[in-house]
Amino acid sequence: NAGVMQNPRHLVRRRGQEARLRCSPMKGHSHVYWYRQLPEEGLKFMVYLQKENIIDESGMPKERFSAEFPKEGPSILRIQQVVRGDSAAYFCASSPSNSEAFFGQGTRLTVV
Amino acid sequence: TQLLEQSPQFLSIQEGENLTVYCNSSSVFSSLQWYRQEPGEGPVLLVTVVTGGEVKKLKRLTFQFGDARKDSSLHITAAQPGDTGLYLCAGTTIQGGSEKLVFGKGTKLTVNP
């Protein structure tokens, strides 16, 4: 059973471009969380999704950020018109319920 | 307001010492997890505690869930350099009308040889 897969591991974007981060949850997991982490800091909750539904997006900026978890395929975190302040590590976690979560290795976004 | 407060924020000790890190909240959690994260990697689940007063042991690590299910502690005996990392606690709670997993900011542990 493969773990949570995130890609790409590293992503470099110029200011104003779009960033697409992908997360394939573990098999059988229908809950997906996205977190953002700055260096030397903990994980900041962004959004919680179940298949085809956004359950809680209270941690996600209302502009430029969006997330989806379609019926088929990976969950996508999309950042439009990136700015330098978007540079961070973005982690996805999946869970079979609302308890323990299993994390991917993250995508490190650098905006230049 | 941080739902889960972890302390200390930073801890640097010598190999062989014992240590305890804490995770506290005013909220009740249906379950609580501890994770360890190494630089450049995602957090790895160490343990899940569910029952108030529960104690779980994982080799040199001892995890305790408070009786009221609001707090937890992680005790490491005879720490080793390989224990170095960011220790995160996370709890499942109802917030904003939905049940979700929330994290503390973590305790960054450095074990010096």
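Assorted remarks:
- A:L49 vs. criteria more than 21 Å from B:E41 (Cα to Cα), at pLDDT below 95 and buried (at least 20 other Cβ atoms within 10 Å of the Cβ): yes
- Residue in region B:70-85 that is within 10 Å of the chain's Cα centre (by Cα), at pLDDT 95 or above and closer than 30 Å to A:E57 by Cβ present: yes
- Top-ranked residue in region A:1-12 [being of a type in the set (A, V, I, L, M) and in a strand (DSSP E or B); ranked as farthest from the other protein chains (Cβ to nearest Cβ)]: A:V12
- Filtering region B:97-113 to residues that are modelled with pLDDT of 85 or more and either facing chain A (nearest Cβ under 7 Å) or part of a strand (DSSP E or B) (or both) leaves B:F103, B:G104, B:K105, B:G106, B:T107, B:K108, B:L109, B:T110, B:V111, B:N112.
- Strands (runs of 3 or more DSSP E) wholly inside region B:1-62 that include at least 1 residues being in contact with a Pro (Cβ under 7 Å, 6 or more places away or on another chain), crowded, with 16+ Cβ neighbours inside 10 Å and polar (S, T, N, Q): B:31-37
- In region A:78-103, the residues that are part of a loop (DSSP other than H, G, I, E, B), closer than 23 Å to B:T93 by Cβ and of a type outside the set (D, E): A:P96, A:S97, A:N98, A:S99, A:A101
- Test: residue in region A:66-82 that is surrounded by fewer than 19 Cβ atoms within 10 Å (Cβ to Cβ), more than 22 Å from A:P8 (Cβ to Cβ) and of a type outside the set (V, I, T): yes
- Just one of the numbered conditions (1) in contact with a strand residue (DSSP E or B) (Cβ under 6 Å, 6 or more places away or on another chain); (2) more than 14 Å from every other protein chain (Cβ to nearest Cβ); (3) modelled with pLDDT of 95 or more is not true of B:E17: (1).
- Among the residues here, A:S75 qualifies as more than 9 Å from every other protein chain (Cβ to nearest Cβ), touching a strand residue (DSSP E or B) at 6+ places or on another chain (Cβ under 9 Å), among the hydroxyl-bearing types (S, T, Y) and within 26 Å of B:I94 (Cβ to Cβ).
- Region A:42-59: number of residues that are farther than 18 Å from B:G91 by Cα and outside any strand (DSSP E or B): 2
- Of all residues in region A:83-109 being within 14 Å of chain B (Cβ to nearest Cβ) and among the charged types (D, E, K, R), the one that is surrounded by the fewest Cβ atoms within 10 Å (Cβ to Cβ): A:R108
- Restricted to region A:13-64, and to residues there that are within 13 Å of chain B (Cβ to nearest Cβ) and polar (S, T, N, Q), the residue that is nearest to the chain's Cα centre (by Cα) is A:Q37.
- Taking residues in region B:31-49 that are facing another protein chain (nearest Cβ under 9 Å) and among the hydrophobic types (A, V, I, L, M, F, W, C), and partners anywhere that are crowded, with 24+ Cβ neighbours inside 10 Å and in a loop (DSSP other than H, G, I, E, B), the pairs with Cβ atoms closer than 9 Å and at least 6 places apart or on different chains are B:L45/A:A101.
The values are calculated or read from the model by the stated rules, or taken from the named source; none is laboratory data. Here the structure is a predicted model, which means the values were calculated and not measured. Glycine also receives a Cβ, built like all others from the backbone with ideal geometry; neighbour counts cover every protein chain displayed.
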